Amino acid sequence: MTTENELLARIPTDLYVGGGWRSASTGARFDVIDPSTGEPIASVADASPEDGEAALAAAHEAQRAWSRTPPRERAELLRRAFELVTERADDFALVMTLEMGKTLAESRGEVAYGAEFLRWFSEEAVRISGRYSTAPDGRNRLLVTKRPVGPSLFITPWNFPLAMATRKIAPALAAGCTSVLKPAALTPLTALLFADVLHEAGIPAGVVNVIPTTRAGAVTGPLIADSRLRKLSFTGSTEVGRRLIADAAPQVLRVSMELGGNAPLIVFDDADLDQAVDGAMLAKLRNGGEACTAANRFIVHEAIAEEFTARLVERMSAHTVGRGTDAASRIGPLVDAATRHKVQQLVDGAVSEGARVALGGAPLDGPGYFYPPTVLVDVPAHSGILREEIFGPVAPIVTFSTEDEAISLANATEYGLVAYVFTRDLDRGLRIAEELEVGMLGLNAGVISNPAAPFGGVKQSGLGREGGFEGIEEYLETQYIGISDPQATKP
Ligand code: NAP
């Protein structure tokens, strides 16, 4: 048996509900596909709406006891989960590579990043506090406390199958909330392995439930309408996010939305070009370009555009494309045929509008969904590729001459997740940060995601923040207790 098959044989493939494994109520299963071959590698139980209901019932039943579990105990369970994920890092990395395609090096990076949310929020669990103060008129006392929101539904995407789950589950557990996780249908195995680890760590029955399904709307819709649910946190496309916000409205359900991005990467003529090209490589090719934080538009000063482009083409052309498990691969396949088709359509559209292909530009032949690193120059400002998320290893380059022009190009999008700015002038960097409509900014840095920092966007990139001190607030309600002046009753 190969390492791959041996690992796949060890990963549970049923639903994790109420602390146990069970088949779908209908008995249905669905295949998980290896995007490097297009072949199935596992079959997973396909949750029905009844299974979704059972998962919410389990989360609801566990809520009271979990919210009363001492914060230190919750913290230690999270810490144990961090240790177990770290011990099993090789398993997590391999399963992630097998089901979504990225290279093992990328997957290991995600395991470290994803595990860190468990450690960070294990440390935050014991720091939830309120305040006691005197009202301005000196009479009443104000007691402000925090309490868990309650059972939460998490819907996550395929591009970071572990980290997008831990970024929600860790703060929820720390705050005292139970949860139901619906992972992406393309990548259920990582989530099921994670459920196995949480079980081993000793997370009590019902506190976390994991229900892969191919019927996302049919399974989650009734849960969003159910008054036992108190919170919805979604990471995925803006299109689906909008729909979920509407679905959440009748219950006035608290929502967190981590949606799409269209990150500009601005390079000024005073930038350190080595640093800018290194940053561009990371911002573009991390996760094979399948990241909401991926640089989607390269906005480069006209004086250095030629040199920047030449260096970027040279660096990107050296990236070997291949199966994520091959040591030589620097880029794996895209996740599926539809994703590759969309990338190709965006590239073809840009070319038909006048862009020139400086590198790549066409899918690779053979099995699997491989697409090579691609650089486009002379991309017209109205081109669709500058408006839509590319979600692939394609770098469209446009030029600018003034700072104001760079700002207006960067802000010309409904998205506002992250931007990257390369300049040696700190004043300019901070000035631009104040002008750009984004939730996050990388200043001379191509990757800025960090569990200790608040991750999230403005405009149609979402609502709320994950990670940092802010991340736990998404799972806490504030309660105010007004107290009459205790001095007034002094005998
Ligand atoms: P997606 O199509 O929006 O799917 C995300 C999740 O929503 C999946 O679990 C999906 O289930 C589920 N879903 C789809 N339709 C649904 C419905 N009607 N009701 C309930 N759930 C539904 O996005 P994706 O293609 O998986 O992921 C890529 C997107 O995620 C990109 O736009 C990217 O920018 C965004 N993203 C954002 C962040 C961030 O932090 N801002 C991070 C990572 C990714 P199925 O798998 O069954 O379709």
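Please treat every number below as a calculation from the coordinates, not as lab data. No experiment lies behind these values; they were computed from the predicted model shown. Please note: Cβ atoms are built from the backbone with ideal geometry, for glycine as well, and neighbour counts cover all protein chains shown.
So here's what we get for this one:
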quantity: Fraction in percent of alpha-carbon pairs per bin - 10 Å, region 18-107; calculated: 14, 26, 34, 23, 3
quantity: Pairs of alpha carbons in region 138-198 whose separation is greater than 17 Å (percent); calculated: 45
quantity: Separation in nanometres of the label points that stand 7 Å from Cα toward Cβ, at Arg29 and Arg68; calculated: 4.1
quantity: Evaluated at q = 0.05, 0.11, 0.12 Å⁻¹: base-10 log I(q)/I(0), Debye formula over Cα of the chain; calculated: -0.20, -0.91, -1.06
quantity: Calculated log₁₀ intensity ratio I(q)/I(0) where the Debye formula runs over C-alpha points of region 233-323, q = 0.17, 0.20, 0.21 Å⁻¹; calculated: -0.77, -0.92, -0.97
quantity: Volume per residue that the Cα convex hull of region 345-491 spans, once the total is divided by residue count, Å³; calculated: 197
quantity: Rule-of-thumb Rg ratio for region 90-218 [Cα; 2.2 N^0.38 Å; N residues]; calculated: 1.31
quantity: Extension gain (nm, one decimal) between Asn5 and Arg139, 0.36 nm per residue minus Cα-Cα; calculated: 41.3 nm
quantity: Volume per residue that the Cα convex hull of region 263-389 spans, once the total is divided by residue count, Å³; calculated: 102
quantity: Convex hull per residue volume in Å³, alpha carbons only, for region 146-288; calculated: 155
quantity: Distance histogram for region 169-223 (every C-alpha pair counted, 10 angstrom bins, percent rounded to whole numbers); calculated: 23, 51, 26, 1
quantity: Euclidean distance between Cα centres, region 186-202 to region 1-70, Å; calculated: 8
quantity: Using a Förster distance of 60 Å, the FRET efficiency for Arg242-Ala328 (Cβ separation, nearest 0.05); calculated: 0.90
quantity: Computed over the chain: relative contact order in percent, which uses C-alpha pairs under 8 Å that are six or more apart; calculated: 18
quantity: Violating pairs (Cα-Cα greater than 29 angstrom) within the set Lys102/Lys146; Lys182/Lys342; Lys146/Lys284; calculated: Lys102/Lys146; Lys146/Lys284
quantity: Potential extension, Ala433-Arg356 segment - 0.36 nm per residue separation minus Cα distance; calculated: 24.6 nm
quantity: Burial ordering of Arg428, Arg72, Arg286, fewest other beta-carbon atoms within 10 Å first; calculated: Arg72, Arg428, Arg286
quantity: Where Rh is the Kirkwood radius over Cα pairs, Rg/Rh for region 333-425; calculated: 1.00
quantity: Region 1-149: relative contact order in percent, alpha carbon pairs under 8 Å with at least 6 residues between; calculated: 18
quantity: Where labels lie 7 Å past Cα in the beta-carbon direction, separation of Ala452 and Ile481 in nm; calculated: 3.5
quantity: Estimated distance in nm for a label pair at Ser401 and Ala318, the labels positioned 7 Å out from Cα along Cα-to-Cβ; calculated: 3.5
quantity: Residues Phe422, Phe30 arranged by fewest to most Cβ contacts within 10 Å; calculated: Phe30, Phe422
quantity: Net lengthening on full extension, Trp21/Glu414 (0.36 nm per residue, minus Cα-Cα); calculated: 137.3 nm
